[in-house]
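A short worksheet on the structure shown next.
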Amino acid sequence: MHSHLLQLSDYGTDFVFEVLDVAGRLRDGLDFHRHQLEGQSMAMVFERPSLRTRVSFEVAMTQLGGHAVNLQPAEIGLDTREPAGDVGAVLSGMVDVIMARVKRHQTIDNLAATATVPVINGLSDLAHPCQALTDLLTIRDCFSGNATGKRVCYLGDANNVLRSLVVGCGLKGLPIVACSPGGFGLTDEEVTRLRTQVPALDLTLEPDPAKAVEGADVLYTDVWASMGQEEEHAQRVAAFAGYSITQDLLAKAKPEAVVMHCLPAHRGEEIAADVMDSPRCVAFGQAHNRLHAQKGILAVLMGSWSSTST
């Protein structure tokens with residue numbers, strides 16, 4: 001059994017390949033899974049709004065035979081009403097796994113420090129490992145199960161999604177280009193840390209969008225102002241002018257390149273409406289894969305299934 005999933009960099013390639021294999025097999029109906037987590041429960045702790053994370057984890061738990069309990073901020077009050085460490089200790093005696101979507105990564109670290117059951121990071125300001133695993137599953141799907149050597153280009157803010165995507169690409173052997181305007185990209189310290197965490201990482205920083213997308217098989221973007229940055233929206237829209245995935249920019253990538261977005265999308269900002277709604281954009285299939293990736297994560301972390309099972 002694996003322990004917590006707080007950052008993807010805590011694991012190696014074996015974990016990534018196992019989760020993707022299990023997720024794909026369960027999605028494709030190759031293994032009966034209705035009773036994998038029968039009688040087990042998951043606490044879902046939210047400090048941030050959620051659509052995909054909430055629905056995918058709750059449905060995943062149901063499809064695996066378990067049960068999910070939804071806990072909203074007013075009910076918990078992490079580090080206000082009650083310290084996160086105390087919450088972890090209490091929930092560990094009542095449920096079998098905890099998924100938390102938090103504002104500060106330190107909060108989930110504190111939660112996991114006292115928890116005696118697996119804790120899954122459903123999102124923090126530092127990392128989004130569940131999204132990265134979903135993204136890798138989607139990229140594999142887009143290239144008929146073989147994404148070896150496919151080049152990923154991320155355009156936008158160097159946020160939690162990018163940091164986890166970089167780690168995931170490094171563990172999966174995919175080269176990745178990060179393209180952000182000055183002041184919004186990965187810092188030298190972050191790049192050093194990422195290269196240390198994943199020695200095989202093939203990361204290129206290219207601030208020019210036209211150059212960044214050359215030879216790309218996948219173009220990926222996210223909102224320019226993440227949750228908690230709403231007051232910076234106007235400033236960021238101005239700073240990111242030219243970084244939107246438009247038809248013109250997409251034409252500079254490979255002819256068969258696909259477009260990904262972790263959603264929600266702001267059409268007309270980070271992605272043009274005609275790109276978002278085109279057949280080359282796989283954002284909705286990517287969103288649907290959140291369900292299957294969560295099933296893979298839960299099955300592997302909770303020790304109920306492995307890719308070597310028969």
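Structural remarks
- Dipole of the stretch 1-74, positive end: most advanced residue of Leu6, Leu20, Phe57 [Cβ charges, Cα centre]: Phe57
- Given the alternatives [x] 42, 23, 18; [y] 62, 19, 17; [z] 31, 23, 17, semi-axes √(5λ) of the Cα gyration tensor in Å as computed for this entry is given by [z].
- Angle between the chain longest axis and helix 13-27 axis [Cα atoms, degrees, rounded to 10]: 80
- Average Cα contact separation per residue, the stretch 93-137, under 8 Å, 6 or more apart, as relative contact order %: 38
- For the stretch 75-176, the solvent-accessible area of protein heavy atoms averages 31 Å² per residue (probe radius 1.4 Å; ligands and nucleic acids excluded).
- Crossing angle, helix 283-301 versus the chain [Cα axis fit, 0-90 degrees, rounded to tens]: 40
- Dipole check for the chain: with +1 at the C-beta of Lys and Arg, -1 at the C-beta of Asp and Glu, and the Cα centre as origin, the magnitude is about 520 Debye.
- Among Ser226, Ser41, Ser92, the residue with the largest mean-square fluctuation in a Gaussian network model of the chain, with springs joining Cα atoms closer than 10 Å, is Ser226.
- Mean ellipticity per residue at 222 nm, deg cm²/dmol - from DSSP H runs of n ≥ 4 across the chain, formula -39500 (n - 2.57): -11500 deg cm²/dmol
- Highest-fluctuation residue, Gly285, Gly173, Gly156 considered, GNM on the chain with Cα pairs under 10 Å: Gly285
- Pairs spanning more than 24 Å between alpha-carbon atoms, out of Lys103/Lys172; Lys103/Lys211; Lys150/Lys252: Lys103/Lys172; Lys103/Lys211.
- Amide H contacts of Leu5 (H built 1.01 Å from N, under 5 Å, at least 5 apart or other chain): Val119, Ile120, Asn121
- Residues with amide H under 5 Å from that of Val69, placed H, sequence gap 5 or more: Met42, Ala43, Met44
- Across the chain, the longest run free of exposed loop sites, meaning GluC sites (Glu not before Pro) lying outside DSSP classes H, G, I, E and B with no more than 15 other Cβ atoms within 10 Å, spans 39-213.
- Mean Cα-pair separation over length for the chain, i.e. relative contact order, pairs under 8 Å, 6 or more apart, %: 22
- Computed from Cα positions, the angle between helix 188-197 and the longest principal axis of the chain comes to roughly 50 degrees.
- Separation of the stretch 131-205 from the stretch 63-111 is 28 Å, based on Cα centroids.
- One chain, two ends: Asn70 and Val55. Fully extended at 0.36 nm per residue, the span grows by 4.4 nm beyond their Cα-Cα distance.
- What you get for the stretch 1-101, charging only the Cβ of Lys and Arg (+1) and of Asp and Glu (-1), is a dipole of about 360 debye around the Cα centre.
- Amide H contacts under 5 Å for Trp224: Glu270, restricted to partners 5 or more places along the chain or on a different chain, H placed in the peptide plane at 1.01 Å from N.
- On full extension, the segment bounded by Glu190 and Ala113 gains 25.3 nm, given 0.36 nm per residue less the C-alpha separation.
- Dividing the mean sequence gap of close Cα pairs (under 8 Å, 6+ apart) by how many residues the stretch 217-296 holds gives a relative contact order of 36 percent.
- Of the listed residues Arg151, Arg48, Arg101, the order by accessible area with a 1.4 Å probe, largest first, is Arg151, Arg48, Arg101.
- Diagonalising the gyration tensor over the Cα atoms of the stretch 131-224 and scaling each eigenvalue by 5 before taking the square root yields semi-axes of 19, 15, 12 Å, largest first.
- Solvent-accessible area, 1.4 Å probe, carbon plus sulfur percent, for the stretch 131-270: 50
- Entry comment: accessible area of the stretch 224-276 is 48 Å² per residue, from protein heavy atoms only and a probe of 1.4 Å.
- Spin-label model distance (nm) - Asn146 vs Lys254, 7 Å beyond Cα toward Cβ: 1.2
The values are calculated or read from the model by the stated rules, or taken from the named source; none is laboratory data. Everything quoted here is computed from the prediction, not taken from an experiment. Every residue, glycine among them, receives a Cβ derived from its backbone with ideal geometry; neighbour counts consider all protein chains shown. The accessibility values were calculated without ligands, DNA or RNA, using every heavy atom of the protein model including side chains. Shrake-Rupley method; radii C 1.70, N 1.55, O 1.52, S 1.80 Å.
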